[in-house]
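Structure, as structure tokens:
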Amino acid sequence: MSEQSKFLLNEKQIPSAWVNIIPHLKEPLELPVHPQTHKPLQAADLAPIFPMSLIEQEFSPQPEINIPGEVLDIYKLWRPTPLCRARRLEKALDTPAHIYYKYEGTSPAGSHKPNTAVAQAYYNKKAGIKRLSTETGAGQWGSALALSCRMFGMECTVYMVKVSYEQKPYRRMMMHAWGAEVFASPSNLTESGRRVLAEHPDSPGSLGIAISEAVEDAAIHGDTNYSLGSVLNHVCLHQTVIGLEAKQQMALAGEEPDVVIGCFGGGSNYAGIAIPYLMDKIEKGSKVRCMAVEPAACPTLTKGVFAYDFGDIAKLTPMLKMFTLGHDFVPPGIHAGGLRYHGASPLMSHLLKHGWAEARSVMQLPVFEAALQFARTEGILPAPESSHAIRAAIDEALAAKEEGKPRVILFNLSGHGHFDLASYEAYMSGKLSDYEYPSEEIARSMETLPKV
């Protein structure tokens with residue numbers, strides 16, 4: 001890759017503060033609701049599973065929150081991450097578009113997830129917590145939290161969605177290498193898991209089930225807190241280092257993006273790349289498009305309903321106003337395990353609902369086609385989750401070619417696919433198929449939404 005194609009910052013240019021879009025919103029963000037009382041959630045309601053520092057960030061009206069020095073010191077192991085121009089991909093597509101990607105796969109865990117995992121472990125350690133429990137889909141989040149707990153001398157318990165536990169053994173082994181306990185979910189270790197297994201012994205699991213198990217674990221152990229890798233406001237906040245760095249790097253490239261793209265499961269990596277640009281839309285009238293890309297097999301943003309719903313199947317979590325497919329939704333076992341969540345970040349849902357952002361869904365086979373094209377031109381084997389963003393970026397570049405107009409595209413390459421080789425083997429041997437979640441199944445799930 002030529003020098004002109006990679007735009008680097010030094011460690012002194014790592015952002016010193018996370019940016020909070022909530023005070024900039026034109027329409028007020030809907031408050032979470034207590035699962036039992038159906039009244040607006042209070043900070044004290046979250047105290048049994050979160051440290052007060054993160055609870056304050058969840059509801060903070062401050063436009064910026066300083067990044068603690070201890071967190072910055074760990075960020076420096078891999079941040080700033082590179083911004084690259086995909087010139088070889090542009091040439092292969094014969095497009096007038098300029099394609100840039102922010103590469104988060106350089107972290108020790110191989111994805112963007114440590115940006116919040118390190119911060120969450122730090123704040124919990126300061127609060128005297130000895131162990132964190134969490135869920136994970138494909139394993140990127142579980143890996144990131146296992147790493148972060150190890151760095152702060154904490155224990156870590158991970159409930160991994162069963163289908164991913166079986167599909168992705170090497171991510172599980174990575175968590176073990178960093179000292180975490182990892183259990184296939186649903187498990188016999190919690191009441192939530194046992195209830196699912198009693199009804200569905202062969203359940204492939206879901207993030208909604210795994211969240212129930214992790215929250216229950218934290219709630220019944222005084223030395224344990226729960227840690228979530230996506231969806232919540234403080235998680236989106238921590239990920240804004242991605243977009244803040246990208247803006248500096250795009251300035252070095254001398255360009256401004258026309259469209260900013262991120263894959264979407266719960267919303268964390270999309271929020272990370274998009275929030276600084278969405279703030280420009282709200283505050284400065286920027287015309288940049290911010291696009292979330294999800295799998296057609298789990299079409300939360302494109303076919304879900306904007307409503308209050310639980311974040312988990314056991315109804316232990318607060319009810320959030322978000323795009324949802326229903327808390328009892330169990331997705332098919334597609335290989336983008338990190339995108340198999342029934343709900344979406346309330347913050348990102350709010351921005352989509354009010355027209356600041358856009359969303360589209362894509363099928364599994366075209367996603368892997370795009371992933372291989374990217375790997376064979378740019379050299380990086382991307383995670384299946386990240387490849388949804390690549391698919392959309394390629395489609396945008398092809399649209400620019402058809403229109404005969406230049407277009408600047410920026411996407412977040414949120415992680416590498418080194419532990420997803422079984423998925424690539426399945427695709428290349430013709431064993432993968434497309435799947436679009438049936439509308440009638442979504443309608444059936446909507447019948448179980450809570451009445452708020």
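We did not get these values from a lab; they are worked out from the coordinates using the rules stated. Computed from a predicted structure; not experimentally measured. Every residue, glycine as well, gets a Cβ built from its backbone with ideal geometry; the counts of neighbours run over all protein chains shown.
Please give the Cα centre distance for segment 217-271 versus segment 378-452, rounded to the nearest Å.
Each part's Cα centre sits 18 Å from the other's.
Below 8 Å, C-alpha to C-alpha, sequence gap of six or more: please give me the relative contact order for the chain in percent.
Details: 997 pairs, mean separation 87.1, N = 452.
In percent, rounded to a whole number, it is 19.
D for segment 315-407, whole µm²/s, Stokes-Einstein with Kirkwood Rh over alpha-carbon pairs at 4 °C and 1.567 mPa s: what number? Please report the intermediate quantities before stating the final value.
Values: Rh = 15.5 Å.
My calculation gives 84 µm²/s for D.
Taking the Cα centre of the chain as origin, sum charge times position over the Cβ atoms of Lys and Arg (+1) and Asp and Glu (-1), and report the length of that vector in debye to the nearest 20.
Numbers: 42 positive and 49 negative charges, 141 e Å.
Dipole about the Cα centre, nearest 20: 680 debye.
So which trypsin sites (Lys or Arg not before Pro) in segment 257-353 end up in coil per DSSP with only 11 or fewer other C-beta atoms within 10 Å? Write down the numbers at each step before the final one.
Values: sites: K281, K284, K287, R289, K303, K315, K321, R340, K353; in loops: K287, K315, R340.
Here the trypsin sites (Lys or Arg not before Pro) that fit, given the DSSP loop and packing criteria, are K287.
Once amide H atoms are built 1.01 Å from N in the peptide plane, which residues 5 or more positions from Y308, or in another chain, come under 5 Å H to H?
Sorted by chain and number, the residues that satisfy this are M322.
Answer with one residue from S203, P346, V33: the one whose Cα lies farthest towards the positive end of the charge dipole of the chain, charges on Cβ with Lys, Arg +1 and Asp, Glu -1.
Toward the positive end, the furthest listed residue is P346.
Just going by the charge dipole of the chain, with Lys and Arg at +1 and Asp and Glu at -1 on Cβ, which of A138, M279, H176 is farthest out on the positive end?
The one lying farthest along the dipole's positive direction is M279.
Using modelled amide H (1.01 Å from N, peptide plane; none on Pro or chain starts), what sits under 5 Å from the amide H of K6, excluding residues fewer than 5 places away?
Excluding prolines and chain starts, which carry no amide H, the hits are R85.
So how far, in whole Å, is the C-alpha centre of segment 21-93 from the one of segment 154-210?
Between the Cα centre of segment 21-93 and that of segment 154-210, the gap is 25 Å.
Along segment 152-165, what does the Karplus equation 6.51 cos²θ - 1.76 cosθ + 1.60 (θ = phi - 60°) give for ³J(HN,Hα), rounded to whole Hz, x for Gly and Pro?
9, x, 10, 8, 9, 10, 10, 9, 9, 3, 3, 4, 6, 3
Please give the charge dipole size of segment 331-452, origin at the Cα centre, charges +1 on K and R Cβ atoms and -1 on D and E Cβ atoms. Round to the nearest 20 debye. Don't jump to the answer; show the numbers that get you there.
Numbers: 11 positive and 15 negative charges, 54 e Å.
The dipole magnitude comes to about 260 debye.
What is the set of long-range amide H partners of Y100 at a cut-off below 5 Å, with H atoms built 1.01 Å from backbone N?
Here A86, I409, L410, F411 satisfy the definition.
Give me a comma-separated list of calculated 3J(HN,Hα) values for segment 22-31, in order, Karplus coefficients 6.51, -1.76, 1.60 applied at θ = phi - 60°, integers in Hz, x for any Gly or Pro.
These are the phi-based 3J(HN,Hα) values: 4, x, 9, 5, 7, 10, x, 6, 5, 7 Hz.
Using the C-alpha gyration tensor of the chain, what are the square roots of 5 times its eigenvalues, in whole angstrom, with the largest one first?
Working: eigenvalues 191, 120, 99 Å².
The answer is 31, 24, 22 Å, longest axis first.
Just name one of G404, P450, P48: the one whose Cα is farthest towards the positive end of the charge dipole of the chain (beta-carbon charges, Lys/Arg +1, Asp/Glu -1).
Highest projection toward the positive end goes to G404.
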